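Okay, so here's the structure we're looking at.
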Amino acid sequence: MAQRREGERQGETVQSVARALTLLDALGDSRGEVGIAELSKQVGFHVSTAHRLLATLIAQGYARQNPETGRYGLGAKAFHLAESYLGQMDLRGIVHPLLERLSHETGETANLVILDGREVLYLDKVESPQSLRIFSRIGRRAPLHCTAAGKVLLASRPWPEAQRILGKDSLERYTPRTILSLELLRRELEAIRTEGVALDREECEEGATCIATAVRNARGETVAAMSISGPTLRMHPGRIRELTPVVVRAGREASRQLGCAVESAAVSRVSPGAASRKGRGGAEKGWAPRKA
């Protein structure tokens, strides 16, 4: 009998923790402070239960009560936990399994790219299994204005800031397809911001085509780009249409794992600035990493 009561107490403790966390979620979802009656109704608890749990959360610093209005909000410790979580996350470690999945699904080299000064830096990659492939290396740097990943990273910023990052009034030519006009680049970045995907069809390297999309953190900030790169010979317009939503889904899954509340809207096309040269994308479905 004593053993049974101990088990029941353990069950009650777990239930109490679950209820307290439910209250924390509700406080986090509310816009500003919330009253006890509204909060209780939202989570489905009796007012006395919610009041008791809130008193404990307040005592531990995870909730607070406005002494003037009596309404409740998140406490400082809740924000401390969020900051600790963000600080402990390993971008490369989280995204690498998704790169493996992306390379497996597309048959192309998958890359994780970040902004580093006025260039992009290849932070991680998974090589294509095909004999004909685009070789890249971790630690490689590349220009911003003529790589798909670079354009994604630039597009996440207002145009004046993007110009400051570029740090020049003219754009360097790398191939006959490189965008050299700042105005044309500005228009393409606007389209990328709207549509969530960027293309590089032999703009940086002849014979190479890339598709990229953003990776966002819990604050919704673009912290990296995911891309695939393959030989233009294989990356014809029809295949670009096929692979674009796969890349976008992978980027959204990476963002979700980093805590971003990813929008569920379908991506139906690639940027108009690029579409005339590079094809158009299709609608997307759910995407998840392949299990080992």
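The values are calculated or read from the model by the stated rules, or taken from the named source; none is laboratory data. Because the structure is a prediction, the values reported are computed rather than measured. No Cβ is skipped: glycine too gets one built from the backbone with ideal geometry, and neighbour counts run over all protein chains shown.
Couple of notes before you dig in:
- Selection status of Leu24, touching a Leu at 6+ places or on another chain (Cβ under 9 Å) and not small (Gly, Ala, Ser): yes
- Filter pass, Ala149 being in the same structural domain as Ala224 (by TED's automatic domain parsing) and either within 21 Å of the chain's Cα centre (by Cα) or at pLDDT 95 or above (or both): yes
- Taken over the range 69-85, the residue count meeting the criterion of being modelled with pLDDT of 85 or more and either assigned to a strand (DSSP E or B) or of a type in the set (Asp, Glu) (or both) is 3.
- Matching residues, the range 195-249, being among the acidic types (Asp, Glu) and more than 24 Å from Val95 (Cα to Cα): Glu202, Glu203, Glu205, Glu206
- Residue check, Pro97 in contact (Cβ under 8 Å) with a residue 24 or more places away in the chain, closer than 23 Å to Pro245 by Cα and either in contact with a Pro (Cβ under 9 Å, 6 or more places away or on another chain) or in a helix (DSSP H, G or I) (or both): yes
- Selection count, the range 171-189, where residues are under 18 Å from Pro160 (Cβ atoms) and free of Cβ contacts under 8 Å to residues at least 24 places away in the same chain: 3
- Yes/no for Thr213 being of a type outside the set (D, E, K, R), under 21 Å from the mean Cα position of the chain (by Cα) and within 15 Å of Glu108 (Cβ to Cβ): yes
- Only residues that are surrounded by fewer than 17 Cβ atoms within 10 Å (Cβ to Cβ) and over 22 Å from the mean Cα position of the chain (by Cα) were counted across the range 152-169, and they come to 6.
- Some residue of the range 260-281 being modelled with pLDDT of 85 or more and of a type outside the set (Lys, Arg): yes
- Criterion (buried (at least 24 other Cβ atoms within 10 Å of the Cβ) and in contact with a helix residue (DSSP H, G or I) (Cβ under 6 Å, 6 or more places away or on another chain)) met by exactly one of Ala191, Ala212: Ala212
- When the range 17-68 is filtered for residues that are exposed (fewer than 12 other Cβ atoms within 10 Å of the Cβ), among the acidic types (Asp, Glu) and at pLDDT 90 or above, only Glu68 remains.
- Filter pass, Glu253 being assigned by TED's automatic domain parsing to the domain that holds Ser131, touching a Ser or Thr at 6+ places or on another chain (Cβ under 9 Å), surrounded by fewer than 23 Cβ atoms within 10 Å (Cβ to Cβ) and at pLDDT 95 or above: no
- When Leu81, Leu132 are checked against the criterion of being touching a residue at least 40 places away in the same chain (Cβ under 8 Å), out of contact with any Gly (no Cβ under 7 Å at 6 or more places or on another chain), loosely packed, with under 15 Cβ neighbours inside 10 Å and more than 20 Å from Thr147 (Cβ to Cβ), Leu132 stands alone in meeting it.
- Residue among Arg92, Arg137 that alone is assigned to a helix (DSSP H, G or I), without any contact (Cβ under 8 Å) to a residue 60 or more places away in the chain and either in the same structural domain as Glu203 (by TED's automatic domain parsing) or not polar (S, T, N, Q) (or both): Arg92
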